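Visitor: Can you read through this structure? Questions will come right after.
What follows is calculated from the coordinates using simple rules that are stated; it is not laboratory data. Just so you know, these numbers come straight off a predicted model, no measurement behind them. Reconstructed Cβ throughout: ideal geometry from the backbone, glycine too, with neighbour counts over all protein chains shown.
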Amino acid sequence: MTGQDRRPFGVFLSLGSWLLLIILNVIFAPSPLVLQVVHQAILITIGLFCVRPELLAYPGPKLIKRGVIYGIGLYALNTALAALTVWLLMRIVDADTIVDLANEERAALEPFLSENGFLSMFTSVLTLVVGAPLSEELFFRGLILDKLRERQSTASALIITALIFAVVHFYLIQFAPVLAAGIVLGVIFIRTENLLVPIIAHAVSNGLALIAWYLL
């Protein structure tokens, strides 16, 4: 079975892993941190096995630098869109509702960031700066987007993948920033034909967000 033939199989396995972890969470209620690490490891393993091998070729120093620059720009874009979303929501709902929504979305990250010390910092970096970019780019761009663009226009495949990417994060205030991130990361992937560049951009963006979290 070639890499190209394995992509639908990879999507099926990845979706099955989501369902399995939901069931395990309901039955055993493990630590969210443990659940996240296990899920990321599963997605990374599936992705590395099922994406087209040529998409994981070393991109070279020039593209690596561009990936870092893209990541900085992506973080700036996400921050601006989040602020714009809050500004728009304040004209629709009261401030208390917005604060409650923001706290709910922030609470999703608390298991990874609430503890102090080296172990907490290491775990945060492992899950948010390493695990999330690797697992999500392999799955969304390496499997879904790469397969969808064979069946329909590149623009349609890009938007569909970005929408799925945003929906599965279960955010409201952060929906627009995550949707925009999905589009930007998809464009980077399509333009470079290499998964490592959006992985780097994603990691840099998440890393800057993590730094901002600890500083604020």
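Visitor: Give me the net charge of Gly71's neighbourhood, meaning all other residues with Cβ under 13 Å from the Cβ of Gly71; Lys, Arg count +1, Asp, Glu -1.
Guide: That works out to +1.
Visitor: Sticking with this structure for a sec: Net charge around Gly60, counting only other residues with Cβ within less than 13 Å of its Cβ (Lys, Arg = +1; Asp, Glu = -1)?
Guide: Residues close to Gly60 contribute a combined charge of +2.
Visitor: Determine, for each peptide in 34-41, 132-139, 187-194, the mean count of other beta carbons within 10 angstrom over its residues, then list the peptides with the highest first.
Guide: 132-139, 187-194, 34-41
Visitor: For Arg141, what is the net charge nearby, where nearby means another residue's Cβ is under 15 Å from its Cβ and Lys, Arg count +1, Asp, Glu -1?
Guide: Charge balance near Arg141 sits at -1.
Visitor: Shifting gears a bit: Using Cα atoms only, what is the angle between the long axis of helix 95-107 and the major principal axis of the chain, expressed in degrees (0 to 90) to the nearest 10?
Guide: 50 degrees
Visitor: When Asp94, Asp146 are ordered from fewest to most other Cβ atoms inside 10 Å of their Cβ, what list results?
Guide: Fewest-to-most ranking of Asp94, Asp146: Asp94, Asp146.
Visitor: Mind sorting Phe122, Phe140 by how few other Cβ atoms lie within 10 Å of their own Cβ, fewest first?
Guide: Fewest to most other Cβ atoms nearby, the residues stand as Phe122, Phe140.
Visitor: A further question on this structure: Go ahead and estimate [θ] at 222 nm for the chain from helices alone: -39,500 (n - 2.57) per DSSP H run with n ≥ 4, summed, over the residue count, rounded to 500.
Guide: Per the formula, -24500 deg cm²/dmol.
Visitor: Just to be sure I understand, if you calculate mean projected area of the Cα convex hull in nm² for this structure, which of (1) 11.4; (2) 14.8; (3) 13.1 do you get?
Guide: Answer by label: (3).
Visitor: In whole Å, what is the distance between the alpha-carbon centres of segment 118-149 and segment 174-194?
Guide: 13 Å
Visitor: Follow-up. Ranked highest first by average number of other Cβ atoms within 10 Å, how do 52-63, 160-171, 21-32 line up?
Guide: In decreasing order of mean packing, 52-63, 160-171, 21-32 become 160-171, 52-63, 21-32.
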